[in-house]
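The values are calculated or read from the model by the stated rules, or taken from the named source; none is laboratory data. Computed from a prediction, not measured in an experiment: that's the story for all the values here. Cβ placement follows ideal geometry from the backbone for every residue including glycine, while neighbour counts extend to all protein chains displayed.
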Amino acid sequence: MILVTGATGVAGREVLAALSGHPVRALVRDPAKARALPPGAEAAIGDYADGASLRAALQGVTSAFLVTNRVTHDDDGAFLAAAREAGVRRVVKLSAASVTDAEAVDAITRWQRATEEALRASGLGWTVLRPRAFMSNTLAWTSEVRTGRTVRVLAPTGRNACVDPRDIAEVAALALTRDGHDRRAYTLTGPRPLTPVEQAAELASQLGRPVAVEELPAADARERWGRRHPGPVVEALIESASRQGRDAKVAVDPALPTLLARPARSYRTWVADHLDAFRAT
């Protein structure tokens with residue numbers, strides 16, 4: 001049995017799809033969201049803070065896909081302790097490419113480095129996936145694009161070798177189901193770095209109408225994100241965008257095409273497959 005955490009999130013949904021045909025259990029917090037799981041996926045309702053629910057979800061599990069995102073909680077520690085107790089043999093963890101950048105010292109990256117170290121010290125078999133930004137992050141623009149309003153972003157001319165979540169999921173499925181990936185960390189990127197301006201141009205080309213982008217001032221970003229995130233997280237997001245503006249995220253890594261024996265999916269392909277989300281209603 002394979003356990004997928006974060007099963008209703010962007011990465012988790014794609015990992016469930018990539019594991020079609022394998023016995024899979026999906027850990028979800030909200031019972032209502034369990035109804036959206038794909039056919040064949042067994043639902044386990046639980047939370048990292050609820051040890052009993054974790055133990056139940058991990059019963060009979062041999063490998064697990066681990067996604068955590070609460071910087072102020074030790075969700076990784078809770079999960080790894082329960083996984084050891086349950087006899088899990090392998091954990092594939094979703095991390096981020098920024099952990100390899102010595103200049104990235106923001107709160108999110110420090111937390112990610114700590115969670116990776118906890119996994120390596122856990123005594124479990126492990127694989128770490130370190131993707132660049134998800135191509136699907138541009139779904140955050142859907143409201144503006146649908147209504148013809150200007151998209152506002154930090155570092156609109158900063159380049160990022162963004163990656164299709166479906167490619168990340170296929171690598172995760174390999175690591176979860178096949179040998180040869182233990183104690184490996186893979187940086188996963190798309191085929192070339194793109195700026196938000198270039199992403200908007202691709203959207204515009206396929207939609208057949210303009211998509212305008214302008215810079216979001218840091219002060220406006222702090223006000224907007226401060227409604228949803230703690231201060232250190234907000235500052236980490238702003239610093240991440242600043243590093244993108246300094247071309248810290250442009251490197252294209254060969255790991256993904258090597259592992260999948262094919263080129264990484266392009267942003268053009270991602271847009272074509274998700275274009276309906278951006279069409280005017």
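Of note:
- Of all residues in the range 1-14, those being of a type in the set (Val, Ile, Thr) and under 13 Å from residue 63 (Cα atoms) number 3.
Conditions (1) of a type in the set (Val, Ile, Thr); (2) out of contact with any Cys (no Cβ under 7 Å at 6 or more places or on another chain); (3) surrounded by fewer than 18 Cβ atoms within 10 Å (Cβ to Cβ), marked per residue:
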| site | (1), (2), (3) |
| --- | --- |
| 77 | no, yes, yes |
| 85 | no, yes, yes |
| 92 | yes, yes, no |
| 99 | yes, yes, no |
| 120 | no, yes, yes |
| 158 | no, yes, no |
| 162 | no, yes, no |
| 169 | no, yes, no |
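- Residue tally, condition surrounded by fewer than 17 Cβ atoms within 10 Å (Cβ to Cβ) and either free of Cβ contacts under 8 Å to residues at least 12 places away in the same chain or assigned to a loop (DSSP other than H, G, I, E, B) (or both), over the range 181-195: 3
- Test: residue 11 is surrounded by 21 or more Cβ atoms within 10 Å (Cβ to Cβ) and not in a strand (DSSP E or B): yes
- Scanning the range 226-278 for residues that are surrounded by 18 or more Cβ atoms within 10 Å (Cβ to Cβ) and without any contact (Cβ under 8 Å) to a residue 24 or more places away in the chain yields one hit, 234.
- Residue 115 vs. criteria within 18 Å of the chain's Cα centre (by Cα), at pLDDT below 95 and either under 27 Å from residue 233 (Cα atoms) or buried (at least 18 other Cβ atoms within 10 Å of the Cβ) (or both): no
- Of the residues examined, residue 188 is one that is under 24 Å from residue 107 (Cβ atoms) and at pLDDT 95 or above.
- Subset of the range 199-225 [without any contact (Cβ under 8 Å) to a residue 60 or more places away in the chain and of a type in the set (Asp, Glu)]: 223
- Identity of the residue in the range 69-99, at pLDDT below 95 and of a type in the set (Val, Ile, Thr), that ends up farthest from residue 12 (Cα to Cα): 72
- Hits in the range 20-58 (condition: within 18 Å of residue 75 (Cα to Cα), part of a loop (DSSP other than H, G, I, E, B) and not aromatic (Phe, Trp, Tyr)): 29, 30, 46, 47, 49, 50
- Unique residue being touching a Phe, Trp or Tyr at 6+ places or on another chain (Cβ under 9 Å), farther than 30 Å from residue 25 by Cα and surrounded by fewer than 21 Cβ atoms within 10 Å (Cβ to Cβ) when the list is 207, 203: 207
- Residue within the range 130-144 that is within 24 Å of residue 181 (Cβ to Cβ), β-branched (Val, Ile, Thr) and buried (at least 20 other Cβ atoms within 10 Å of the Cβ) present: no
- Residue in the range 101-119 that is in contact (Cβ under 8 Å) with a residue 12 or more places away in the chain, part of a loop (DSSP other than H, G, I, E, B) and touching a Leu at 6+ places or on another chain (Cβ under 6 Å) present: no
- Number of positions in the range 247-281 that are closer than 17 Å to residue 129 by Cα, in a helix (DSSP H, G or I) and out of contact with any His (no Cβ under 9 Å at 6 or more places or on another chain): 5
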